[in-house]
Structure formats: structure tokens, C-alpha cells
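Right, one structure below, let's go through it.
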Amino acid sequence: MAIFPGMEALQALIFDVDGTLADTERDGHRLAFNAAFEAVGLPWRWDAALYGELLQVTGGKERIRYFCEKYAPEFLRRPDADEAIRALHAAKTKHYLDLVAKGGIPLQPGVARLMREARLAGLRLAIATTTTPANVTSLLKASLAPEAESWFEVIGAGDVVPKKKPAPDIYLWVLDKLHLPPSACIAFEDSANGLRASLAAGLPTLVTESEYTLDHDFTGAFAVLSDLGEPDKPCEVRRGDMHGKTFVDVELLRLWHEEIIRNR
Ligand code: XBP
Ligand code: MG
């Protein structure tokens, strides 16, 4: 590691969750929303295409409200609309947790490998997401390792900040807890909203695509890849210099980070 005197070394990796750790949306969150609607007799069913449109709004409660504004305005005229949205979202979370606990959502290629390698290399790990905290811990437990929650020094999730992505708040909250400047970290994102949040917090950001984000604008990311790749499954490179590598490892993250800091 050829860090020049005074130059910031890479110290922490901050991961988004939905789309970045796993493709959780179409066959996870979407199904859970629909199950919650069905359970209370609402006729709403979000198909995969409509859900893609609704994903522009981050946060489940915010997404239900946005759907109502566009497609079911009468629901918002109910005197108990706020409470009803909160209840729907709580039921949705229960359905989602059941689905995840069944091990129904595999991690994206390279995620588990890179996290294990980063821990061995002494890098600190954190999470910055708009999803509900319980969703994060259950995904880590079911899809990464039973004790995986303890791998993360800080987990910033859900309503811990009032303004969700694309606002930078969740990343700023995590950086504050880590006591690190953004220049000592790399963020991992999969969506334009997530990237706007991480960049606005000053974080060098690596994008790996997910099902719903293939056509997003990833201007500002230092690299855009199909996924992190595995030794026997190279990632596809949309943008960025892999320095001859076919998958992302800690050595490559350090090379990228050094370049970014040197060129700042
Ligand atoms: C993704 C989101 C979340 C989930 C649903 O966040 O926008 O709202 O779709 O989760 P990220 P909740 O990519 O930042 O992880 O229903 O718990 O909000
Ligand atoms: Mg995401």
C-alpha cells in the first residue's frame, strides 16, 4: 500500500442493502407489500412493472403514500390515513421478515466473499440504508452468517434520520458514528437515489447494478459493475479501471481509493 505521508488510507466500507447486498425488491419487498394489502382486503396489487415505478420513492411508508397519491387518492382522504399506512407497513415488514428468514433472498455475487476478506484485512464495515432495521439484521443473519450483524460497527437504517435517500443524511449519520471523514471510506450502492445520497455525503462510491437499476444514471461513481464478481465468475465492467482484475477484492478497493485521494 503506497500511501503518501498525510494521505488518507482506506478504513471503512459502507454498504447499501436493497439491491446492493441482494436483489430484495421484486421477489421480496414487493410480495410483502401485496400480502399486507391482501390481508386487509385492499384490492391493490403491485406488479413488477408498477413496482419499478414506485421504487423512485425510497422507504416503504413513503412508497405506499406515493402510490395512494397517484392511484388511490380516496385512501388519503380517510381520517385515519396516516395510521392505516403505518399499520400496512408494519404488516408488510412482518411478511418480509418471514420471507427472508426462509432464506428466500440470496446475496449478490461477491458480497459475502468481499465482506469476509475486508474483515480479515482490518477494514471496518457499516451499513447505510433506507429500509427498516429489522429487515437488515434478518437478511444478514439468514443470507450471510448467523452472527453477521456483529460484523458491522454501525448500522444506519430506516427512520433513524427523517430524510431518506437521495438525501445524504443516512450516510452522514453513519460517518458520524464511525468518527471517520468520507475520504477514508468507500460506499457501495446500486441505485441513482443511493448514489446521489453517498456522493452528497462526499463518499467515493462503487456501483453494482441491480434488477431495477440497469438504466439509472450513475454519473459520479468511480466504477459501475454488474456485481462484485467471484474468482470463477468475472463481473461485467460498465465503467472503471479494474487494474487487470476480474472481480473486486480488497487490493483493488485500496488501489481505487488511493487513486481517488491522489486526484482530489
Ligand atoms: C431500499 C428502499 C426500501 C425498501 C423497503 O433502500 O427504498 O424502502 O424498498 O423497505 P436501500 P421498507 O436500497 O437504501 O437499502 O419497507 O422497510 O422501507
Ligand atoms: Mg439500494
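Taken together, the values in this text are just the output of simple stated rules run on the coordinates, not laboratory data. It should be emphasised that the depicted structure is a prediction, and the values quoted were computed from it without experimental measurement. Cβ atoms come from the backbone with ideal geometry, glycine included; neighbour counts cover every protein chain shown.
For the stretch 28-72: of the residues being away from ligand 2 (no atom under 16 Å from the Cβ) and among the β-branched types (Val, Ile, Thr), which is surrounded by the fewest Cβ atoms within 10 Å (Cβ to Cβ)? Going through the qualifying residues, I end up with Val40.
Within the stretch 56-67, residues that are over 13 Å from Asp18 (Cα atoms) have Cβ atoms under 6 Å from residues that are outside any helix (DSSP H, G or I) in these pairs: Arg63/Val57; Tyr66/Val57, counting only partners at least 6 apart in sequence or on another chain. Would you confirm, using the coordinates I've provided, whether Thr131 is of a type in the set (Val, Ile, Thr), under 16 Å from Phe15 (Cβ atoms) and within 12 Å of ligand 1 (Cβ to nearest atom)? The answer is yes for Thr131. Restricting the search to helices (runs of 4 or more DSSP H) fully inside the stretch 1-108 and requiring at least 2 residues that are within 11 Å of ligand 1 (Cβ to nearest atom) and touching a Ser or Thr at 6+ places or on another chain (Cβ under 7 Å) gives 81-101. Filtered by the rule that a residue be in contact (Cβ under 8 Å) with a residue 40 or more places away in the chain and within 12 Å of Leu114 (Cβ to Cβ), the stretch 232-264 gives Cys235, Phe247, Val248, Asp249, Val250, Leu253.
Just so you know, in the stretch 177-207 the residues that are over 10 Å from the mean Cα position of the chain (by Cα) and hydroxyl-bearing (Ser, Thr, Tyr) include one that is farthest from Arg239 (Cα to Cα), and it is Ser183. Scanning the stretch 173-188 for residues that are surrounded by fewer than 19 Cβ atoms within 10 Å (Cβ to Cβ) and in contact with a Pro (Cβ under 9 Å, 6 or more places away or on another chain) returns a single hit, Ser183.
Would you say Lys164 is free of Cβ contacts under 8 Å to residues at least 60 places away in the same chain and either surrounded by fewer than 21 Cβ atoms within 10 Å (Cβ to Cβ) or more than 20 Å from Leu228 (Cα to Cα) (or both)? Lay out the reasoning, then the answer.
Details: free of Cβ contacts under 8 Å to residues at least 60 places away in the same chain: no; either surrounded by fewer than 21 Cβ atoms within 10 Å (Cβ to Cβ) or more than 20 Å from Leu228 (Cα to Cα) (or both): yes.
Criteria not met by Lys164.
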